[in-house]
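**Q** Have a look at the structure that comes next, please.
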Amino acid sequence: AQSVTQLGSHVSVSEGALVLLRCNYSSSVPPYLFWYVQYPNQGLQLLLKYTSAATLVKGINGFEAEFKKSETSFHLTKPSAHMSDAAEYFCAVSEDTGNQFYFGTGTSLTVIP
Amino acid sequence: GAVVSQHPSRVICKSGTSVKIECRSLDFQATTMFWYRQFPKQSLMLMATSNEGSKATYEQGVEKDKFLINHASLTLSTLTVTSAHPEDSSFYICSAQSGLNSYNEQFFGPGTRLTVL
């Protein structure tokens, strides 16, 4: 069965500092992996996705994530945090054998001025 | 491209009434739509999966007679919360898949905040 673990339900960083949000997954087959961002009272916006092409994926707003099969990880990073990055971030995994998403529990990012 | 809308964005209703939420794919045909429920500070909980023209598949613990889902066309799915009660108050989010890409990507609507008094 699929599962997604996001370590750290709350992460605080200073403005300009590195952002690192962790995501580990379990999957018996090569997965498709996604990171979404959610601002208060809004739906989910896709940041980036891994679809078995390049292992380093670049997304919107300066975010990127690296697929590491050996570590079953897909951590999200951004070199320099901006105040507007404060939001809830969700990691999700899907398999080509089914169309369902499995979401992590989310990480709330706070950016300190 | 790949825009999903939801209507209404917010709704307040009295206990015992029914509320209908619409989910539309604006620029693509959605073969599959999903309905999620999200409680404050929590992740999305999948309620049901619906394919156009067929009955929805509900997740365990979700009452199909209470949460009626209709997916009558390739661009529209509706969720009706019947006889709503305060515990049904939540943020409901729909998503849609086009079936054309092989990555199972889901496109999410902006959500509907339901408050039952």
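**Q** Just need a number here: residues in region A:32-74 that are surrounded by fewer than 17 Cβ atoms within 10 Å (Cβ to Cβ) and of a type outside the set (D, E, K, R).
**A** 14
**Q** A:Thr107 is checked against (1) out of contact with any helix residue (DSSP H, G or I) (no Cβ under 8 Å at 6 or more places or on another chain); (2) crowded, with 20+ Cβ neighbours inside 10 Å; (3) without any contact (Cβ under 8 Å) to a residue 60 or more places away in the chain and fails just one. What number does that condition carry?
**A** (3)
**Q** To continue, here is another question. Whether any residue in region A:69-89 is of a type in the set (Lys, Arg) and without any contact (Cβ under 8 Å) to a residue 40 or more places away in the chain is what I want to check.
**A** Within region A:69-89 (the criterion being of a type in the set (Lys, Arg) and without any contact (Cβ under 8 Å) to a residue 40 or more places away in the chain), the answer is yes, since at least one residue qualifies.
**Q** What residue, among those in region B:46-85 that are among the polar types (S, T, N, Q) and in contact with a Cys (Cβ under 8 Å, 6 or more places away or on another chain), is surrounded by the fewest Cβ atoms within 10 Å (Cβ to Cβ)?
**A** B:Thr78
**Q** Among strands (runs of 3 or more DSSP E) lying entirely in region A:24-73, which contain 2 or more residues that are under 19 Å from A:Thr5 (Cβ atoms)?
**A** A:24-26, A:31-38, A:44-50, A:64-68
**Q** Return only the number of the condition from (1) surrounded by fewer than 19 Cβ atoms within 10 Å (Cβ to Cβ); (2) within 13 Å of chain B (Cβ to nearest Cβ); (3) not in a loop (DSSP other than H, G, I, E, B) that A:Thr77 does not satisfy.
**A** So A:Thr77 meets the others, but not (2).
**Q** Do any strands (runs of 3 or more DSSP E) entirely within region B:29-106 hold 1 or more residues that are facing chain A (nearest Cβ under 9 Å) and not aliphatic (A, V, I, L, M), and if so, which?
**A** B:32-38, B:44-51, B:90-97
Rule-based calculations on the coordinates, nothing more; no lab input. Just so it is clear, the structure is predicted and the values come from calculations on it, not from any experiment. Methodologically, a virtual Cβ is constructed for each residue, glycine included, from the backbone with ideal geometry; neighbour enumeration extends over all protein chains shown.
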